[in-house]
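> I have a structure I would like to understand better, so I am pasting it below and will then ask my questions one at a time.
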Amino acid sequence: MPETEVVRYDVRDGIAWVTIDRPEARNALNRAVREGLFAAARRFNADDDAKVLVLTGAGDVFCAGGDLKEMADTGLKIPPPDFLPQFGRNIEITKPTIAAVNGPALAGGFLLAQMCDLCVAADTARFAITEVKVGRGAPWAAPLPWLIPPRLAMEILLTGDFVDAARAERIGLVNHVVPGERLREHVQALATRIAGNAPLSVRAAKRTVRLLAEHPLPAAFDEAERIWAPVYTSRDAQEGPAAFRDKRRPNWEGR
């Protein structure tokens, strides 16, 4: 995608940075942005050189949510399931994803931060599910009580109030809070550490974390055994111990 489009895709040392670049509209999710995010997700899936996806926004706003002007003009009622990408729901991404929240993440912007595997926020970031304030809906918030305690999820949904970065970290919505000027550096370093690990193990670990949201515990153990079996029998599973023995960095093949 050319740099002039509203979603930019840029790979830096194996890390794909996907940037919503519509700061004049607070990076709101109009049709062009939504289509650009789908295109970026598909490009990442096909990009063997990109090991981790980082989602962020241009300027000082992560994403203000849906474009209410566009919604009013089109008379949007119930958004279809493929209205915008939701990782793990309408588009599968097996590699890790990180939200680099550089400012307010509201409504659909909250959705984007919620759907990523990890979330790192600038100290100026704020989060809110504001749908109750504008009469809209948030069915995409169904996984929220799996990420944070249910009573806190209830408060966020019922009030539409803002949650600052410090509180978001305390309740487990955010992994790290850093000064805004260090956000990109911090996220790049975190993503690079992940990208340096055995890719099959990383992908299996990502799938394992979600098992208890999908299965009772006994079934989750059974599914975990199935997920990890190909990892144990891979060439990388032999390369890791050999590299440790030989005191060298492993050469991961992803097979």
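> Taking every alpha carbon pair in the range 1-56, what does the distance histogram look like in 10 angstrom bins from 0, in percent?
That works out to 27, 54, 18, 1, in percent per bin.
> Comparing PRO81, PRO139, PRO199, which has the greatest mean-square fluctuation in the GNM of the chain with Cα pairs linked when under 10 Å apart?
Of PRO81, PRO139, PRO199, the Gaussian network model singles out PRO139 as fluctuating most.
> Through the Karplus equation 6.51 cos²θ - 1.76 cosθ + 1.60, θ set to phi - 60°, convert the phi angles of the range 82-88 into ³J(HN,Hα) values in whole Hz; use x for Gly and Pro.
Coupling constants for the range 82-88: 9, 4, 8, x, 10, 4, x Hz.
> For the chain, with a Gaussian network of springs between Cα atoms less than 10 Å apart, report the residue from VAL120, VAL52, VAL132 with the top mean-square fluctuation.
VAL132
> Please list the three semi-axes, largest first and in whole Å, of the ellipsoid equivalent to the range 110-202, using sqrt of 5 times the eigenvalues of its alpha carbon gyration tensor. Don't jump to the answer; show the numbers that get you there.
Details: eigenvalues 140, 52, 24 Å².
Ellipsoid semi-axes (Å, largest first): 26, 16, 11.
> What is the ratio of the Cα radius of gyration of the range 199-246 to 2.2 N^0.38 Å, with N the residue count, to two decimals?
Working: Rg = 12.8 Å, N = 48, 2.2 N^0.38 = 9.6 Å.
It is 1.34.
> Along the positive direction of the dipole of the chain (beta-carbon charges: Lys, Arg +1; Asp, Glu -1; about the Cα centre), which of PHE110, PRO145, ALA165 reaches farthest?
Sorting the options by dipole projection puts first PRO145.
> Which number do you get for Rg(Cα) / (2.2 N^0.38 Å) in the chain?
Normalised Rg, Cα atoms only: 1.05.
> While we're looking at this one, here's another question. Mind putting a number on the dipole of the range 199-246 about its Cα centre? Charges go on the C-beta only, +1 for Lys and Arg and -1 for Asp and Glu, and I need it in Debye to the nearest 20. Before the final figure, lay out each step's value.
Values: 7 positive and 7 negative charges, 29 e Å.
Computed charge dipole of the range 199-246: roughly 140 debye.
> Need one number: % antiparallel among DSSP beta bridges in the range 7-195, to the nearest 5. Provide the component values of the computation, followed by the final result.
Working: 8 of 29 bridges.
Approximately 30 percent, going by the DSSP bridge assignments.
> In whole Å, how far is the Cα centre of the range 7-79 from that of the range 109-184?
Using only Cα atoms, the two centres lie 18 Å from each other.
> For the range 6-99, which GluC sites (Glu not before Pro) are both in a DSSP coil and crowded by at most 15 other Cβ atoms within 10 Å? Write down the numbers at each step before the final one.
Working: sites: GLU24, GLU35, GLU70, GLU92; in loops: GLU92.
The qualifying sites are GLU92.
> Answer rounded, prolate or oblate for the range 49-97, using the Cα gyration tensor with square roots of eigenvalues a ≥ b ≥ c: rounded when a/c is under 1.5, else prolate when a/b is larger than b/c, else oblate. Walk me through the numbers before you get to the answer.
On the way: a/c = 4.15, a/b = 1.51, b/c = 2.75.
In terms of gyration-tensor shape, oblate.
> I would also like to ask the following. Relative to the Cα centre, what is the charge dipole magnitude of the chain, using +1 at the beta carbon of each Lys and Arg, -1 at the beta carbon of each Asp and Glu, and rounding to the nearest 20 debye? If you can, show how the numbers build up before the last one.
Details: 33 positive and 33 negative charges, 90 e Å.
Dipole of the chain, to the nearest 20 debye: 440 debye.
Values in this text are rule-based calculations from the coordinates and carry no lab data. In this text the structure is predicted, and so the values were computed from the model without any measurement. Here the Cβ is made from the backbone with ideal geometry for all residues, glycine too, and neighbour counts use every protein chain on show.
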